[in-house]
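If you scroll down you'll find the structure; I have some questions about it.
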Amino acid sequence: MTGPVPPSASAPYDARPSARAARADNPWIRRWSDGASPRFTLVCLPHAGGSAGFYRPWAALMPAEVELLAIQYPGREDRFEDPGAAGMEELVEAVADAVGPLLDRPYALFGHSMGSAVAWELAHELRQRGLPGPRRLFASGRAAPGTAVTGQLHRQDDDVLSAELARLGGTSREVLDDPGLRSLVFTAVRHDYRVIETYRPPADRPPLSCPLHVLTGSTDPELGAERSRDRAGGWADLTTARTEVRVFPGDHFYLTPRRREVVATVLRRLDPSLTTGGAHVWPSTP
């Protein structure tokens, strides 16, 4: 993958708030935190068919020290008319173009389901561009690239796709039963499934050097507690640093009902001094 060369260490990014806000005014970026001087950046990447808005409730749980940036893929919501990426490489290059100028402080990547593969590819793309790597990478709800089971769902009809979304949960029955809403959702889902199902990670890529945290639901059909015990779902082979697994009660979309626990876990791993913006911080296992 190729991309623009970032400024050198002798020409650091302009850290003025106005300059940073201008860089964040990008169709790929959604930014809800308003801390005056955050110490960390958390970049969140959605699942197949998902949007940046999936992470919006996290903003209320973020301390002022953390800036939350969520990625908005094309072909959905306010980007419905924007053409989708041809494949994973094009998608990751576009995301790197958008977030690269904003990584002027320590950062972490969080990706759920397809987003975990995008996050892993993004970490490699940013490193190739000469940017610092992530402080940590959080991979949720999917086995490691190269080991995750893929199919041809993007080629199937709406009934098959509807059954798959029902299996995973996270999409209400009302949406699946409404022809108009279902058509909007399926446009994004089918596109993203094509991206992830045609994605073939390079076999000879060197491992990352950051700690890698695997999060999953106990009954997630995509990963789950049992499969995550096997080399952390394959993720342990993709970094030279420590890999840990955290299993939450729930299915593929465990992180919706367990939102506060998930955010607390992410913050604690990012820096033990951080706590959520809510009134209660759930305990996190080592």
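The values are calculated or read from the model by the stated rules, or taken from the named source; none is laboratory data. Treat the numbers as computed from the prediction; the structure is a model and nothing was measured. Neighbour counts are summed over all protein chains in view; Cβ atoms, including those assigned to glycine, are modelled from backbone coordinates with ideal geometry. Surface accessibility is based on the protein's heavy atoms, side chains included, excluding ligands, DNA and RNA. Shrake-Rupley method; radii C 1.70, N 1.55, O 1.52, S 1.80 Å.
If I compute solvent accessible area with a 1.4 Å probe over the protein chains, what percent of it on the stretch 174-261 is carbon and sulfur?
Percent of accessible area from carbon and sulfur atoms in the stretch 174-261: 51.
Further question on the same structure: Long-range amide H contacts for PHE138: which residues qualify at under 5 Å (H placed 1.01 Å from N, peptide plane, sequence gap of 5 or more or a different chain)?
Amide H to amide H, under 5 Å and 5 or more residues apart or across chains, PHE138 pairs with LEU109, PHE110, GLY111, HIS213.
Could you pull out every residue, at least 5 positions away or on a different chain, whose amide H is within less than 5 Å of the one on LEU208? Hs are placed 1.01 Å off N in the peptide plane, and Pro or chain starts have none.
Hits under the 5 Å cutoff: THR239, THR240.
Related question: Step through the residues of the stretch 56-68 one at a time and calculate ³J(HN,Hα) from phi using the Karplus curve (6.51 cos²θ - 1.76 cosθ + 1.60, θ = phi - 60°), rounding each to whole Hz and writing x for Gly and Pro.
Using θ = phi - 60°, the values come out as 4, x, 5, 4, 5, 9, 7, x, 4, 6, 10, 8, 9 Hz.
I've got another one for you. Separation between the ARG127 and THR219 pseudo-spin-labels, each 7 Å from Cα along Cα→Cβ, expressed in nm?
In this crude spin-label approximation the distance works out to 3.8 nm.
For the stretch 173-272, what does the alpha-carbon gyration tensor say about shape, rounded, prolate or oblate, given a ≥ b ≥ c as the root eigenvalues, a/c under 1.5 as rounded, and a/b over b/c as prolate?
Judged from the Cα gyration tensor, the stretch 173-272 comes out oblate (a/c at least 1.5, b/c at or above a/b).
If I take R0 = 51 Å and measure r between the Cβ atoms of THR275 and ASP157 in this structure, what FRET efficiency does the formula 1/(1 + (r/R0)^6) give, to the nearest 0.05?
It comes to 0.60.
Could I ask something else about it? Considering only protein heavy atoms and a probe of 1.4 Å, how much of the accessible area of the stretch 76-135 is carbon and sulfur, as a whole percent?
About 48 percent, which is the carbon plus sulfur part of the accessible surface.
Using a basic spin-label model with each label point 7 Å from the Cα along Cα→Cβ, how many nm lie between SER37 and ASP78?
The answer from the label model is 3.0 nm.
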